[in-house]
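The values are calculated or read from the model by the stated rules, or taken from the named source; none is laboratory data. Note that this is a predicted model, so its numbers are computed, not measured. Cβ: placed from backbone, ideal geometry, glycine included. Neighbour counts: every protein chain shown. In case anyone asks, the SASA skips ligands and DNA or RNA and just uses the protein heavy atoms, side chains included. Shrake-Rupley method; radii C 1.70, N 1.55, O 1.52, S 1.80 Å.
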Amino acid sequence: MNYTIKQLNDLAGVSTRTLRYYDQIDLLKPERINPSGYRVYGPKQVDLLQQILFYRELAFSLKEIRSLLKSPNFNLRDALTDHHKKLIAKKQHLEQLIRTVEQTLAAQKGAMQMTDQEKFEAFKKEKLAENERQYGKEIRENYGKKTIEKANKQFAGLSQTDYEKTQAIEKEMFENLRAAMQLNDPASTAAQKAAALHRQWLFFFWPEGTYSKEAHAGLAQMYVDDPRFTSYYDTRLVNGAAKMLRDAVNIYTQQN
């Protein structure tokens, strides 16, 4: 069945303004423009719009979604299978958050005691699950199963104070990386500060004794080689941020 932009708006609940924007950025183009100048969407566009909405629910950026949909390896059935797995994981996370809220309410009412560690367990578990879904295979191949399991255990055991420190360090690292991008100089003070902060951040996640200059530089290289890692930095700053961090880390590890 074919739809005008207004009919697709009614069908999917996506505003005509948004659909026009998707057309403008080459994310979802109509099947054709009819003689009256109206956009007409066919079955293929309907399926693609559903995919876009699935990815949006999973917090993908429009840039990431466009890259996925335009990939020659994109397969609708595989994508739906992947959506199902991720949505089940999201459901489990929400259920855990609900339990945490219920326990916190009970603790506030004096019906039970709750440790500070338990208050933040759900958030840390979700972070570990997210990392595992996105990067589990690659990081195990590069660093070994035992090392990753130790790192996960270390992160799960972080106190709330240390967890907040990791967030503050990462924020400061991005600020310095942004300044380095404006200077376009990986040897600049800002870039080297970003590399040093990245090293400091790693110590909260890597097991004791596993840090080395070579491993640090290797991880930074992976940020450039793997599009998913690249996207983590580039979408938070600008294109080229991952490469800037890689170059800054290379200089940092050679000098320190």
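Considering only residues in segment 200-209 that are of a type outside the set (S, T, N, Q) and more than 20 Å from the chain's Cα centre (by Cα), the one that is modelled with the highest pLDDT turns out to be F203. Just one of the numbered conditions (1) open to solvent by 70 Å² or more (accessible area, probe 1.4 Å); (2) modelled with pLDDT under 90; (3) among the polar types (S, T, N, Q) is not true of Q154: (1). If you scan segment 16-39, which residues turn out to be in a loop (DSSP other than H, G, I, E, B) and closer than 23 Å to K70 by Cβ? I25, D26, L27, L28, K29, P30, E31, listed by residue number.
Taking helices (runs of 4 or more DSSP H) that fall entirely within segment 43-110, which contain at least 3 residues that are closer than 30 Å to D10 by Cα and open to solvent by 90 Å² or more (accessible area, probe 1.4 Å)? Before the answer, list the steps.
Details: elements: 43-57, 62-70, 76-108.
Per the criteria, 43-57, 76-108.
Among the residues of segment 190-211, just one is of a type in the set (S, T, N, Q) and either buried (at least 20 other Cβ atoms within 10 Å of the Cβ) or under 15 Å from R246 (Cα atoms) (or both), namely Q192. Would you say G209 is in contact (Cβ under 8 Å) with a residue 12 or more places away in the chain and over 19 Å from E172 (Cα atoms)? Criteria not met by G209. Under the condition of being among the charged types (D, E, K, R), assigned to a helix (DSSP H, G or I) and in contact (Cβ under 8 Å) with a residue 60 or more places away in the chain, the residues counted in segment 226-245 number 1.
Within segment 25-36, being over 15 Å from I52 (Cα atoms) and either within 30 Å of the chain's Cα centre (by Cα) or open to solvent by less than 50 Å² (accessible area, probe 1.4 Å) (or both) holds for one residue alone: N34. May I ask you to list the residues in segment 212-225 that are open to solvent by 20 Å² or more (accessible area, probe 1.4 Å), over 12 Å from R199 (Cα atoms) and without any contact (Cβ under 8 Å) to a residue 24 or more places away in the chain? Listed by number, the residues that qualify are V224, D225.
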